[in-house]
Amino acid sequence: MIENVKINPYQFLVLVIFFTIGTGILIVPSVLAAEVKHDAWIAAIFGTGIGLLIIWLFTTIGQWFPHLTYIQINEKIFGKWIGKAVSVLFVSMAALYTSSLLYYSATFISTNMLPTTPMAALNILMMGIVVMAVRLGLETIARSAEIFIVFFFVLFLILGMCISSQIKFENLQPVFAEGTITLVQSSLYFVASSSVNAIVLLMIFPALMNKMKQARKSFFIGNLIGGIMIILLSFLSVSVLGAEDTAREIYPGYELAKRINIGDFVQRIEGLMGLLWFIALYFKTVLYFYATVLGIAQILHLKDYRPLTLPLGMIAVIVSLVIYPNVVYQKEIQQSTEVFFSLFVGLFLPLLLVIVYAFRKNTLKKSPEPESP
């Protein structure tokens, strides 16, 4: 027995919201504006719609064997060795993106808040609280997310209300100038980061849920709420900053908060935006790392994943310091190589899983299930 806890559908809903928003709250508007300019917010709508279809695929896979995690499902459907090979790719993706998010957080803080603090120190501090959360277990992670989601929505509401007076609808024109096909293609990065990568949540859904039917709804609703928030942020970024400035900025959401000025009194509250993003990024990093350590423990058939947390945390810190030489390279890689890697591990392999399951369905139902997590 590796994890003997169950979380409720609402807790899972909150975790899905944080995972969906994650890096997107600061980065996605810039990526979309660079591709489709004024139509960035429409591309986000397309991305949210496509994302819901992918979530439907994940929930369908999870329902086949409700007492197994994704690692165990791979081994059951593909067979022992092919299943382990697919699982290793899955764990590699989760581990890589754990380090990637550490780099994002350290770069953002050192660029905007603490320019003289070494990135290594920031990464160690961030990874320290991530390791602490994962060692305490899924139930602790979920309960803390329940608390922070309230602050998150309040801060987002404050940001939206304060900046709404600066909206310029002419910045959104012409609408649909780029065409439907271009809009769908440009939404790939958003889909990959928010929905395709959500395959790591199959390490929780539905094996560690206490109500599977409600949990499936939570998966959809959480992804939809997260998508709507990215749509709103993309809309605000383009309508206030303009398409060109949004594309030029690395963190348009943060720049948006800098523009807030109410009666020359309420201003310079970009720290709130930074806190907003940090909360979402933290929980997304925790979920990636949780999937990594639990996945490795199940591949190796260990009884407890906790001894892996500290050494893997140290490796994640080291990788985060060497993964990208600079921000320009990081932006290039995240929009090309990482998107294709995510689509391969999070979409192609699950679709292959569906095909194999269709051929082996009758045989699999007769075979005994491996030990549940």
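Just tell me, in residue order, which DSSP H segments of the chain are both 27 angstrom or longer along the helix axis (alpha-carbon based) and at least -1.0 in mean Kyte-Doolittle hydropathy.
Result, helices passing both filters: 40-64, 80-112, 138-163, 212-241, 270-299.
Pairs LYS76/LYS217; LYS217/LYS258; LYS6/LYS76; LYS168/LYS284; LYS84/LYS284; LYS37/LYS217: which exceed 30 Å Cα-Cα?
LYS217/LYS258; LYS168/LYS284; LYS37/LYS217
List the relative contact order of the range 9-360 as a percent without decimals, with contacts defined as Cα pairs under 8 Å and 6+ residues apart.
So the answer I get is 41 percent.
Using amide H atoms built 1.01 Å from N in the peptide plane, name the residues 5+ places from LEU302, or on other chains, whose amide H lies under 5 Å from its own.
Sorted by chain and number, the residues that satisfy this come to none at all.
Okay, helix-only estimate at 222 nm for the chain: each DSSP H run of n ≥ 4 adds -39500 (n - 2.57), divide by all residues, round to 500 deg cm²/dmol; what do you get?
-24500 deg cm²/dmol
Mind ranking 285-292, 237-244, 148-155 by how tightly packed they are, going by the mean number of other C-beta atoms within 10 angstrom, highest first?
285-292, 237-244, 148-155
For a quick check, take a GNM of the chain with Cα springs below 10 Å and name the residue from SER234, SER336, SER187 with the largest mean-square fluctuation.
Result: SER336 has the largest fluctuation of those listed.
Enter the accessible area per residue of the chain (Å², integer; probe 1.4 Å; all protein chains in place).
Accessible surface, normalised per residue, equals 42 Å².
Nearest 20 debye, what's the magnitude of the dipole of the chain about its Cα centre given +1 on Lys and Arg Cβ and -1 on Asp and Glu Cβ?
Dipole magnitude for the chain comes out near 1280 debye.
Quote the convex hull volume per residue of the chain, based on C-alpha atoms, as a whole number of Å³.
126 Å³
Quick check: at a probe of 1.4 Å, how many percent of the accessible area of the range 194-254 sits on carbon and sulfur atoms?
61 percent
The values are calculated or read from the model by the stated rules, or taken from the named source; none is laboratory data. Bear in mind the structure is a predicted one, so any value in this text is a computation, not a measurement. Cβ coordinates were reconstructed from backbone atoms using ideal geometry, including for glycine residues, and neighbour counts include every protein chain displayed. For accessibility, only protein heavy atoms count, side chains too; no ligands or nucleic acids. Shrake-Rupley method; radii C 1.70, N 1.55, O 1.52, S 1.80 Å.
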